[in-house]
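Structure in structure tokens, see below.
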Amino acid sequence: MIKPQVKPHAGKLLVLTPGMGAVATTFMAGVVSARKNLSKPFGSLTQLQTIRLGARSENRNPLIKDFLDLAGLDDIVFGGWDVKADNAFEAAKNANVLSPQDLDPLKEELEAIEPMTAAFDQRYVKKLEGPNVKDIPNKMELAEALREDIRNKMKETGATRAVMVWCGSTEVHLHPAACHQSIEAFEEGLRNNDDSIAPSQLYAYAAIKEGVPYSNGAPNLSADFPALEQLAEQENVPIAGKDFKTGQTLMKTILAPGFKTRMLGIRGWFSTNILGNRDGEVLDDPESFKSKEVTKTGVLDSILQPEVYPELYADLYHKVRINYYPPRGDEKEGWDNIDIFGWMGYDMQIKVDFLCRDSILAAPIVLDLALFLDFAKRANKSGIQEWLSFYFKSPQVKAGHVPEHDIFIQHFRLKNTLRVLGGEKPVTHLSENFEEEAVS
Ligand SMILES: NC(=O)c1ccc[n+]([C@@H]2O[C@H](COP(=O)([O-])OP(=O)(O)OC[C@H]3O[C@@H](n4cnc5c(N)ncnc54)[C@H](O)[C@@H]3O)[C@@H](O)[C@H]2O)c1
């Protein structure tokens, strides 16, 4: 295999998060804590997972981070925007994900991360308000101001490169409109304050124009339309989305492929959640919930292929509910009732009660996306990075491609992409003697 040219990482990597709420501050705190050797970055492939190279008998299984030239945790510097004026330490305290024992030793570093003023419009996140907002009425000028923020933050932190991961609230559900169809139409829409352009799209546009890889952790329309996909190709910027795969959907994409591999049918899958953090409050608004519902419900159809297996899955009744319940804070509870059937059509039931911590599952995803997107950029990759589907509820794919939701296939593809980017052959998991066996 020819080893692709990858520019070596040198200098600091600025990780920018529009939104400095529960997920972003848990991510920042975890990175600082791991740097101080106070905790381990559990849940992160870039930090903990190995990768098999060559035949099993060669016994080459380095850590991913030793195999590829990824930026290290010590190289990371942070920047963010938020509608609220709290620094990362105060915001993390308010989010109440991490305990004071874990947060207090990180106080100095987290207090230094002050949010930049946000590009925000309450029409797109109805249940949110705050003082730390740019007072610029025109969307193109707002995007320009965000671009300037990126350049200033790079100077201030001395970073040589940046990546952006949207960790802001879920905006209302929007369909791609005429202004989303080409770069020219989008820029015209920015100048004319087109209502179809939500704030998250301004951040995505600003990032791509600055050559900064962009990833969307929420379900709203942000960089997943032709105009920004074309812009990402044109500017040689990798992008990925959307909606971090955590909690209940993570469980769904682990369980559903298992039922399907055993050819077990499913009559119904009822999923309900109670959560009490700010994300839960925002999702209490039906228009923001609509964005979530779309990304959450698409998963099963794609894994189970009811068109190929109509007797097993065509009549599946799939329902997803999210209920805002303040006493729970970030410690969400997700119940799944799954009605499956097997041999001769006999029914069985599975109940899953996941006492989950959403931001604890999301934080390592932010880290991995930041490091892999920075690597992808240095490897000269541009446009949609489908190999990062592993991290998303609703993987963004090129026009005409079918998104893959099965987490095991996504993982297989992710690791084979890493092998190829590192100049190694992809693995097939066939026997080492496969060729002899196949002909004998
Ligand atoms: N926690 C998870 O497991 C998980 C999983 C999938 C997706 N998500 C998504 O990630 C996002 C962040 O989740 P969270 O739990 O941190 O929510 P959060 O409410 O704690 O934080 C979101 C922050 O974004 C800020 N914000 C909103 N609009 C903004 C804008 N235009 N510019 C700058 N800041 C803005 C809010 O003020 C808030 O502080 C949400 O959209 C959520 O749906 C989270």
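Would you order His401, His9, His411, His180 from fewest to most other beta-carbon atoms within 10 Å of each residue's own beta-carbon?
If I rank by nearby Cβ atoms, fewest first, I get His401, His411, His9, His180.
At 222 nm, what value in deg cm²/dmol follows for the chain if DSSP H runs of at least 4 each add -39500 (n - 2.57) and the sum is divided by all its residues, to the nearest 500?
Numbers: 17 runs with 173 residues, N = 440.
So the calculated ellipticity at 222 nm is -11500 deg cm²/dmol.
Please list the non-local residues whose amide H lies under 5 Å from the amide H of Ile384, H modeled 1.01 Å from N, same-chain partners needing a gap of 5 or more.
Residues meeting the amide H criterion: Ile239.
Another question, then. Scan the chain and report its longest stretch carrying no trypsin sites (Lys or Arg not before Pro) that are both in a DSSP loop and have at most 13 other Cβ atoms within 10 Å.
Values: sites that count: Lys36, Arg123, Arg262, Lys398.
The answer is 124-261.
Related question: Mind checking which of Met251, Asn236, Pro219 is farthest towards the positive end of segment 196-252's charge dipole, using Cβ charges of +1 (Lys, Arg) and -1 (Asp, Glu) about the Cα centre?
The one lying farthest along the dipole's positive direction is Met251.
Set Lys and Arg Cβ to +1 and Asp and Glu Cβ to -1, take the dipole of the chain about its Cα centre, and tell me which of Val397, Leu38, Ala159 lies farthest positive.
My answer, from the dipole projection, is Leu38.
Quick one: putting +1 on the C-beta of Lys and Arg, -1 on the C-beta of Asp and Glu, what dipole do you get for segment 248-355 around its Cα centre, in Debye to the nearest 20?
With only Lys, Arg, Asp and Glu charged at Cβ, the dipole is about 200 debye.
Among Glu229, Glu58, Glu293, whose mean-square fluctuation peaks in a Gaussian network model of the chain (Cα, cutoff 10 Å)?
Glu58
Using a 10 Å Cβ count of at most 15 others and DSSP loop calls, identify the longest part of the chain lacking such chymotrypsin sites (Phe, Trp or Tyr not before Pro).
The answer is 43-345.
Are any of the pairs Lys36/Lys139; Lys319/Lys381; Lys319/Lys377; Lys377/Lys425 more than 32 Å apart by Cα-Cα distance, and if so, which?
Pairs exceeding 32 Å: Lys36/Lys139; Lys319/Lys381; Lys319/Lys377.
Another question, if that's okay. If the chain between Phe354 and Asp121 were fully stretched, how many nm would it gain, using 0.36 nm times the residue separation less the Cα-Cα distance?
Separation in residues times 0.36 nm, less the Cα-Cα distance, equals 80.4 nm.
In addition: Hey, which of these cross-link pairs are over 24 Å Cα-Cα: Lys12/Lys393; Lys84/Lys209; Lys260/Lys351; Lys296/Lys398; Lys126/Lys296?
Flagged as over cut-off: Lys12/Lys393; Lys84/Lys209.
To make sure I understand the rule: partners must be aspartates and glutamates, Cα under 19 Å from the Cα of Lys40, and not fewer than 8 residues away in the same chain. Which ones qualify?
In chain and number order, the partners are Asp66, Asp74, Asp75, Asp102, Asp104, Glu109, Asp358, Asp368.
Contour minus end-to-end for Leu430 and Ile254, with contour as 0.36 nm per residue of separation and end-to-end as the Cα-Cα distance? Working shown, then result.
Numbers: separation 176, 0.36 × 176 = 63.36 nm, distance 2.26 nm.
Result for the pair: 61.1 nm of gain on full extension.
Please compute the Kirkwood hydrodynamic radius of segment 248-355 from all pairs of different C-alpha atoms, in Å with one decimal. The partial results should precede the final answer.
Working: mean 1/r = 0.0684 Å⁻¹.
After inverting the pairwise mean of 1/r, the radius is 14.6 Å.
Something else about it: Kirkwood hydrodynamic radius of the chain from all distinct Cα pairs, in Å?
Numbers: mean 1/r = 0.0442 Å⁻¹.
About 22.6 Å for the chain.
Quick note: the coordinates plus some simple rules give every number you see, no bench work behind them. Just so we're clear, the structure is a prediction, and the values are computed from it rather than from any experiment. Virtual Cβ from ideal backbone geometry, glycine too; neighbours counted across all protein chains shown.
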